[in-house]
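Accompanying notes for the structure given below.
The values are calculated or read from the model by the stated rules, or taken from the named source; none is laboratory data. Small disclaimer: the values here were computed from a predicted structure and weren't measured. Neighbour counts are summed over all protein chains in view; Cβ atoms, including those assigned to glycine, are modelled from backbone coordinates with ideal geometry.
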Amino acid sequence: MNSSSKIDILTRVEGHGTVKLVREGGKVVDARLDLHESPRLFEALVVGRRFDEIPDIACRICSICSTVHKVAALQAVEQALAVDITRQTGLLRELAVQGGQIESHALHIFCLALPDYLGVNGVQELAAHEPEKLQMGLRIKKLGNLIQETVGGRAIHPFNLLIGGLGTIPEALKLQQLKEKLAAVHGDLAESCDYILDLDDLLPPLAMLPVCAVSGGPPLFGDRLITPVETVPAASAAAWLNEQVLLHTHAKVSRFDGAAPFMVGPLARLTLAMPAKYAQYFTNTSISSSLKARMIELQLAVERAQILVDQLLDDGLKNEVPVIAAPGRGQGISLMEAPRGALLHSYRFDNNGVCSAGDIITPTAINQGAIAVSLKELVIAMDGAEYEQIKKATEILIRCFDPCISCAVH
Amino acid sequence: MATQFIANHNLAPLLVRLRQSAELHGPVRGDDGVVRFAAIAPGTLPDLSAVRTLLPPKKYLLHPQETILKYTVRAGYQMPVEDVHQIILFGLHPCDLAGINYLDRIFLDDEPDPLYVARRSVLALVGVSCSPDEFCSCHQLTSPLKALFDLFFNVVEGGFVVTSGSARGDELLEKVKDLLEERVVAVPEDARRFFGHAAAEATRPEPDATLPEWRELASRCLGCGACSICCPTCYCFDVLEFCGLDNCSASRVRQWDNCLFKGHAEVAGGMTFRKDKAERFRYRYRHKYRGFGLSQGIPSCVGCGRCRAVCPAGLDLRPLAERLEGGQRE
Amino acid sequence: MKKLRIAIAGLTACSGCQLSLLNCEDELPVLLEMFDFQFFPMATSPALLADEYDAALVEGCISMPHEKELLQELRRRSRYLIALGTCAACGGVAALRNGDGRELLRQQVYGHSPVADETFDPIPLQSLVKVDAVVTGCPPEKEELLRMLAGLLRGALPVGIDYPVCTECRMRENLCLLTERDALCLGPLTLGGCGARCPSLSVPCEGCRGPVPEANLVEALEVYAQKGFDRTAVIGRLRRFCPEWKL
Amino acid sequence: MNNNLPVPAVISTIRPLTVDTSLFTLYTEPFCPVAASFLPGQFLELSLPGVGEIPLSYCGFPSQDGRIELCVRHVGHVTTPLKVAAPGDAVGVRGPFGRGFPLSAYGGQDLLLIAGGLGIAPLRSLLLALMNRRELWGRLTLLYGARETGALLFLDELLELQKRGEVELQMSVDHQEHCLDGPPCCRIALLPALLDQLELDPGRIFAAICGPPVVYPLLVSRLQRMGLSDENIHLSLERRMKCGVGRCGHCAVGTRLCCVDGPVFSFAELAGIEGSLV
Ligand SMILES: Cc1cc2nc3c(=O)[nH]c(=O)nc-3n(C[C@H](O)[C@H](O)[C@H](O)COP(=O)(O)OP(=O)(O)OC[C@H]3O[C@@H](n4cnc5c(N)ncnc54)[C@H](O)[C@@H]3O)c2cc1C
Ligand code: SF4
Ligand code: SF4
Ligand code: SF4
């Protein structure tokens, strides 16, 4: 590497990937996303580990979505060992997951994506040019982390979420404080909504992609995948997603049944369950407007968190200890919505409760097909533009999917 | 001889009365079963049945981590101003009282430590008698340390005999006069060493380094630090300084340290004067049973038994102390 | 005053150490004012390597050849190189099955495809380059990160910690999960500095900060054995974050 | 005075002596006791704001105008940032602490100063004090050893004293390099070897020693063999120190505290105490 060398990697995304422009006769004809993140081989790492270690290990797949990975793994293990959790545990977990949703969306909107809209390089210039915008976003983000800390014990890799329950139930006082903070963030949220929903898309509208999302439970939870035309139960979700190993990416790619790839994530979720008051913002559901979808979900997450906190406080917090799980044979599959889309954790355990197989399917891995389709379309739409311009646009497009490459490769 | 007696049923009203003049703290059993010195919630009684709290009362005087200096470019180093308020510590056992007496010698003698002075001056010490368990060694040796108290409650049939040990104690007694009665009650003599009158010992020969016990202790110690964290008289501290992100402010922090840790005697370049853990045990031993510096000749172990109760490896310096110190001191 | 030039890079990891920095919501504006994060692909474009850095903060372990190159480049260009997090310091979760044969593990995931066949058993940074300081933890504590950065402003590296999690756990007057609840708490063997985060919520320490200096494994195994944990199970737990632990 | 609170001082000059050692001149308030009233061998605590505080021996002569000289080797957390400090930078000082060399006991006697490496710092202070009233003392000998000639500190000053006949100077370096073009009266040898050819009057001589702990046992046994009594062998010890006032608990040597009862001890006080020399 020479001095001041450009390292050809995608920036302002989680993890390591590159976008490569494919040229034919001097003309850009396609763009390809390569996920060359170093694989940690999580599906192999979990093998040989006792059931109670799986969630602690699996959450390390990714920091931004560690809470949802943790909860997904907990649910899968609990299903395998037939552990029932209490309502309180369920509510607290859901609250933590919404905290993760808030944190992740706020990070993406204000630190990773907004710089594109303002023509700055990232957080550093954002802080210099639009300090109020950054700080507004950080205040919302902080709230997401506070929720995760209050319930999970830590913003990243929440250790307090255990099989069958929690290590320590948060004090009512802490939840009361959360309630106040949630109420206090409304000003920032409203202002953010006004601002973000008003931004012009940076890319031309692209054709709508087929969408798919988890359904059948409270927001972000469920037991099946749905698309506008079909429903896939959790048990057959992995087969339907149909992950294959391809050569150019370290993440397995979902091939579905050979039809056009499905998109997952905020835009997919909203498309399938759009609250009426937000419909006006989506004349089309092109991925170019995904920032808006994320902003709306951010709003929804705060609202949901408020409901959950209220429910918990109304119920009154009980000092429950975790349900004890007996080691044994079994298989569990858990489907959830991570901030970036559908997430599946599935594990098998032998008679001693030792993991014999694991399968983890993550949103960005699923989205690879959708990203490829959109990239191609974008390149065609930009026919005749400068190489650098196309390159920049493709990076923005990829960011619209908010890829989480550590998750994808895991 | 007539004594001041308070009946058991009058304890609760007495606490209500004491609470009027200060925060009331004492041993409180948590949901997890751990007994800690903490604020006694109104309407509840301290747990006087517990032989020992997990942390000793030293935590009121020296915090595990505390800012001792603040720095700003404009004002230079300054002492932090701490918001202290009157606290009545109720339910201190003689060993804990003696432990405070020991800390006083270190932090009040000569050039008093300002933070310590501030916190010490707002503490009223109320002792309660107790009966030792298998971990305790308070009854084994005499000591020049005194169980200094403002008030002391001796447990007797049906209540307590209350003694004042200071003007402050007299004042407190005055407030609860109507709850006390004059009664002739025999108080069993407390044979514990903190009520004895031993003088500080002259220098003794070094502990014999060739004893196999040192190696045994060294090889079994997990290095967890619990023994000194929980000891009422371990006061070793480390000092760290942290710069503010503004690059023009800083705070200096002192935190509890342990003589069994690797860094305790380490100097620049990784050179250490007590590389060997057995040597560090002898260091601990010297301090606990012989003292050093100004408190030379004053054993700092007050026999509360905490170090034994909390040690995950079950280590115990007592047998060694009995051999090396016993006999000579009686 | 000239801002300190900082590079922040992630190797094989979950980005948690970098996110910990971005999670300092209150301090981030000040940080961005005091430091010039010149290379920080996760939060700033483009990824341009400058000639010189005052400090490079590197997250993650090394498990692919291109990571070696990047690390060596950063070392060459930086006055201080600081290992961020347990992966960088010890190998971390990615190194969980070091020694079980990388190729076998790879095939467990990718089958017979040659994808990522250049991957090797993850190694910590100091096995390849000189590391000037370590801020450990999975994830690292915000407070420690901020203190480390503030120290850099004064030209100082962080002072190493030499005590285990238990020390802080006792300072917080927690119930001891090992002695009182017979739980497999790794506190005695794990480097302190987290304020005994997990045991303070009644969750046994999982050892996420790596080994404490002078860890007494032999005796700890005895103590765990008395509580009913066999040696291989304990070593397995310890190896969750650091492959160096051996029977 | 509150001995926890550093008083402000300002770095006035920094003179690099070798690659890793510099001589700092600080100024605090005139008549400030930290600068004005110390004995050679005593130390102060130097604070570098935002970084930390370390014990350093006085290296100069007491001054009424607030001037303090310190010789610092740049080795770690606090001393490395000191290397890039600049004149005008603010620092803090507390002191003087500990027990220095017992100058009054030395009156009318011969003195053998032995310095190894950075140990010259407090001995320079002692030398300056001795020179101030040269007539009060008998024969003065300085043995000074270092790794290599480049690491010999204050060479000009020492050679000047030797030239004026005030002090008998003998130096040694461990390593061969460059010694050929090294200063006069310098040999390739380990420090204790310098004692070999020394003619002393053991009845009226005190030894004042400061150096790396490794050389202490050898030096002491040779001095004993030469007839010095344990009371007349004075050693300055270095220990981890945090408070300087006998509270932090790190620096005990036997039952004595290095920061209060030392750092200068007579060997009679140390004999038989575990870990006192190494
Ligand atoms: C009485 C006395 C006089 C000294 N005189 C001088 C002198 O004149 N010139 C000089 O260069 N050095 C002297 N030293 C040594 C000097 O104090 C250490 O080099 C210095 O503390 C190293 O600090 P550091 O933070 O740079 O090193 P690190 O190794 O990073 O030290 C970390 C911490 O450990 C402690 N520590 C480390 N080394 C020592 C040590 N040797 N003594 C006490 N505590 C230590 C300090 O509290 C320090 O903050 C003296 C030491 C003592 C005890
Ligand atoms: S050494 Fe042990 S028994 Fe003695 S006072 Fe300390 S904790 Fe109590
Ligand atoms: S709970 Fe764990 S960390 Fe805490 S003292 Fe016990 S063993 Fe140590
Ligand atoms: S207690 Fe243990 S697992 Fe928890 S944060 Fe600390 S080191 Fe990590």
### Task
Considering every residue within the range A:203-223, establish whether at least one is β-branched (Val, Ile, Thr) and exposed (fewer than 12 other Cβ atoms within 10 Å of the Cβ).
no
#### Entry: Given (1) touching a helix residue (DSSP H, G or I) at 6+ places or on another chain (Cβ under 9 Å); (2) more than 16 Å from ligand 2 (Cβ to nearest atom), index of the condition residue C:152 fails
(1)
### Query
Could you say which residue among C:78, C:45 is out of contact with any helix residue (DSSP H, G or I) (no Cβ under 7 Å at 6 or more places or on another chain) and over 24 Å from residue C:128 (Cα atoms)?
C:45
### Query
Within the range A:365-385, can you find the residues that are small (Gly, Ala, Ser) and within 30 Å of residue A:345 (Cα to Cα)?
A:365, A:369, A:370, A:372, A:374
### Query
If you go through the range B:36-80 one residue at a time, how many are assigned to a loop (DSSP other than H, G, I, E, B), crowded, with 17+ Cβ neighbours inside 10 Å and of a type in the set (Ser, Thr, Tyr)?
1
### Query
Which one of the conditions (1) within 15 Å of residue A:312 (Cα to Cα); (2) assigned to a loop (DSSP other than H, G, I, E, B) does residue A:83 fail to meet, given that it meets all the rest?
(1)
### Message
Tally up the residues in the range B:38-83 that are among the small types (Gly, Ala, Ser) and under 21 Å from the mean Cα position of the chain (by Cα), please.
### Response
4
### Task
All but one of (1) farther than 20 Å from residue B:108 by Cβ; (2) more than 9 Å from every other protein chain (Cβ to nearest Cβ); (3) in contact (Cβ under 8 Å) with a residue 24 or more places away in the chain hold for residue B:74, so report the exception by its number.
(3)
### Summary
Selection over the range C:139-148 where residues are in contact (Cβ under 8 Å) with a residue 24 or more places away in the chain and either out of contact with any Cys (no Cβ under 9 Å at 6 or more places or on another chain) or within 16 Å of ligand 1 (Cβ to nearest atom) (or both) yields a count of 1
### Task
Inspect the range B:220-233 for any residue being assigned to a loop (DSSP other than H, G, I, E, B) and within 8 Å of chain D (Cβ to nearest Cβ) and give the result as yes or no.
no
### Query
Taking helices (runs of 4 or more DSSP H) that fall entirely within the range C:40-155, which contain at least 1 residues that are hydroxyl-bearing (Ser, Thr, Tyr) and over 27 Å from residue C:23 (Cβ atoms)?
C:102-110
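Which residues, taken from the range C:176-192, are under 21 Å from the mean Cα position of the chain (by Cα) and either within 16 Å of ligand 2 (Cβ to nearest atom) or more than 11 Å from chain B (Cβ to nearest Cβ) (or both)? Even if it seems obvious, please write down each step before you answer.
First, pick out the residues of the range C:176-192 that are under 21 Å from the mean Cα position of the chain (by Cα): C:185-192.
Within the range C:176-192, C:186, C:191 meet the criteria.
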### Query
Do we find that residue D:130 is surrounded by fewer than 19 Cβ atoms within 10 Å (Cβ to Cβ) and assigned by TED's automatic domain parsing to the domain that holds residue D:214 in this structure?
no
### Query
farther than 18 Å from residue A:242 by Cβ and within 27 Å of the chain's Cα centre (by Cα), is that true of residue A:310?
yes
### Task
Evaluate the following for residue C:244: is it within 11 Å of chain B (Cβ to nearest Cβ), within 19 Å of residue C:138 (Cβ to Cβ), away from ligand 1 (no atom under 16 Å from the Cβ) and of a type in the set (D, E, K, R)?
no
### Any chance residue D:243 is part of a loop (DSSP other than H, G, I, E, B), in the same structural domain as residue D:125 (by TED's automatic domain parsing) and closer than 21 Å to residue D:39 by Cα
yes
### Query
Is there any pair with a first residue in the range C:230-247 that is in contact (Cβ under 8 Å) with a residue 60 or more places away in the chain and among the aromatic types (Phe, Trp, Tyr) and a second that is part of a helix (DSSP H, G or I) and surrounded by 13 or more Cβ atoms within 10 Å (Cβ to Cβ) whose Cβ atoms are under 8 Å apart and which are 6 or more apart or on different chains, and what are they?
C:241/C:86; C:241/C:90; C:241/C:93
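For the structure I just gave you, tell me whether residue D:93 is assigned to a strand (DSSP E or B), under 20 Å from the mean Cα position of the chain (by Cα) and not polar (S, T, N, Q).
When the stated conditions are applied, residue D:93 passes them.
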### Task
Run down D:34, D:19, D:10 and say which single residue is modelled with pLDDT of 95 or more and over 16 Å from residue D:119 (Cα atoms).
D:10
### Residues located in the range A:155-173, provided they are within 12 Å of chain C (Cβ to nearest Cβ), of a type outside the set (S, T, N, Q) and on the phi < 0 side of the Ramachandran plot
A:155, A:156, A:158, A:159, A:161, A:162, A:163, A:166, A:167, A:169, A:170, A:171
